[in-house]
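To start, the structure itself, in structure tokens.
The values are calculated or read from the model by the stated rules, or taken from the named source; none is laboratory data. As the structure is a prediction and not an experimental result, all values here were calculated from the model. Methodologically, a virtual Cβ is constructed for each residue, glycine included, from the backbone with ideal geometry; neighbour enumeration extends over all protein chains shown.
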Ligand code: SF4
Ligand code: SF4
């Protein structure tokens with residue numbers, strides 16, 4: 001289940017400018033294969049059928065190197081990680097080297113016996129993605145029939161097997177009105193945590209922006225509902241809400257800061273500070289097939305490019321929040337301003353901020369166009 005990396009990072013701690021610490025978390029995109037076709041998927045648009053995935057041995061080497069590097073937790077994701085027949089072997093190595101393991105899955109291919117085996121090996125946590133609680137609407141969003149029923153069954157197994165459960169939902173104009181129902185559902189299935197991640201617009205989500213963007217009023221109402229529920233459900237459900245950039249006044253610390261605590265490894269072994277960073281001109285992405293993880297983390301062009309604060313321009317350069325949000329998202333800055341070093345337009349101090357929000361509001365007031373569903377092989381030509 002591939003969502004934005006920012007949903008995996010909790011609040012950044014106090015970190016010193018340009019200091020390079022060991023990473024805490026690693027997102028392992030084991031495969032881009034997935035039976036669902038969500039229109040907001042963060043996998044690249046040009047996923048090709050022939051892309052060669054890292055082998056079992058290569059992933060096992062990645063796990064060993066990650067543990068040595070200081071990584072504490074790994075997120076087994078995709079695509080759909082459960083379509084890899086060697087998930088058990090990869091997990092076993094991760095457990096053996098002492099990593100905390102989190103499986104991020106749509107759940108639709110899981111069988112109880114397999115989940116039992118994963119738990120036996122030592123899986124620590126499951127994050128189950130939901131498109132909506134309404135089965136018809138969930139089918140519309142993911143182009144997949146029967147998902148809600150299947151996910152509910154998987155949630156029951158996770159609880160019966162004694163694992164902590166997080167319910168993930170990407171929020172957009174086709175499910176935002178169901179925020180309260182989604183929260184109730186999380187309680188009902190026994191989730192200890194819910195992630196309500198408003199869409200981040202890159203990859204398939206950028207392609208489908210007009211079909212996904214909610215109105216400002218819908219966004220405010222959704223935040224109000226989740227804030228009230230957070231109070232009411234203290235001690236029952238932990239909330240992690242990723243706000244909608246277009247209606248925010250300040251950006252998020254994208255990735256908890258570039259090259260600061262988290263990194264991504266793609267199915268073919270590219271090690272990246274952020275899932276969308278390949279769009280940045282001049283960036284040189286290294287592959288774990290050729291270079292040790294530690295060298296990539298500490299020395300590579302990609303990880304050094306926006307690490308710390310020395311790359312910043314004004315207004316970030318002299319802003320007292322520069323070591324809190326690290327200037328926001330580089331890929332969004334590039335997409336909107338044409339300059340990856342610019343202030344993220346989600347910030348009210350960016351000269352692009354007003355236009356950024358206004359474009360979103362205009363789009364959100366138009367009827368939703370049809371989804372271009374995520375697919376292997378890229379965007380269909382007819383679109
Ligand atoms: S299509 Fe949906 S379920 Fe599959 S990887 Fe993308 S976001 Fe996750
Ligand atoms: S100016 Fe830069 S550092 Fe300051 S709040 Fe905005 S994005 Fe963050």
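Applying the selection to the stretch 78-105, what residues are in contact (Cβ under 8 Å) with a residue 60 or more places away in the chain, more than 18 Å from residue 164 (Cβ to Cβ) and within 20 Å of the chain's Cα centre (by Cα)? Scanning the stretch 78-105 gives 78, 79, 80. Listed conditions (1) farther than 30 Å from residue 48 by Cβ; (2) touching a helix residue (DSSP H, G or I) at 6+ places or on another chain (Cβ under 8 Å); (3) surrounded by fewer than 24 Cβ atoms within 10 Å (Cβ to Cβ) are all met by residue 286, apart from (1).
Each residue in the stretch 347-381 was checked for being assigned to a helix (DSSP H, G or I), crowded, with 18+ Cβ neighbours inside 10 Å and in contact with a helix residue (DSSP H, G or I) (Cβ under 9 Å, 6 or more places away or on another chain), and 5 of them qualify.
Here the stretch 238-269 is the region considered, the condition is being more than 30 Å from residue 354 (Cα to Cα) and surrounded by fewer than 19 Cβ atoms within 10 Å (Cβ to Cβ), and the residue that is modelled with the lowest pLDDT is 268.
The rows are residues; the columns are (1) touching a helix residue (DSSP H, G or I) at 6+ places or on another chain (Cβ under 9 Å); (2) within 21 Å of residue 151 (Cα to Cα); (3) modelled with pLDDT under 95; (4) part of a strand (DSSP E or B).
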site: 170; (1), (2), (3), (4): yes, yes, no, yes
site: 196; (1), (2), (3), (4): yes, yes, no, yes
site: 200; (1), (2), (3), (4): yes, no, yes, no
site: 223; (1), (2), (3), (4): yes, no, no, no
site: 227; (1), (2), (3), (4): no, no, no, no
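Matching residues to (1) without any contact (Cβ under 8 Å) to a residue 40 or more places away in the chain; (2) under 17 Å from residue 245 (Cα atoms); (3) in contact with a strand residue (DSSP E or B) (Cβ under 9 Å, 6 or more places away or on another chain):
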| position | (1), (2), (3) |
| --- | --- |
| 336 | yes, yes, no |
| 342 | yes, yes, no |
| 348 | no, yes, no |
| 351 | yes, yes, no |
| 356 | no, yes, no |
| 372 | no, no, no |
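Screening the candidates 31, 101, 109, 93 for the property of being more than 29 Å from residue 133 (Cβ to Cβ) and surrounded by 15 or more Cβ atoms within 10 Å (Cβ to Cβ) yields one hit, 93. Return a yes/no flag: does the stretch 326-340 have any residue that is at pLDDT 95 or above and more than 28 Å from residue 212 (Cβ to Cβ). Looking for residues that are at pLDDT 95 or above and more than 28 Å from residue 212 (Cβ to Cβ), one finds none in the stretch 326-340, hence no.
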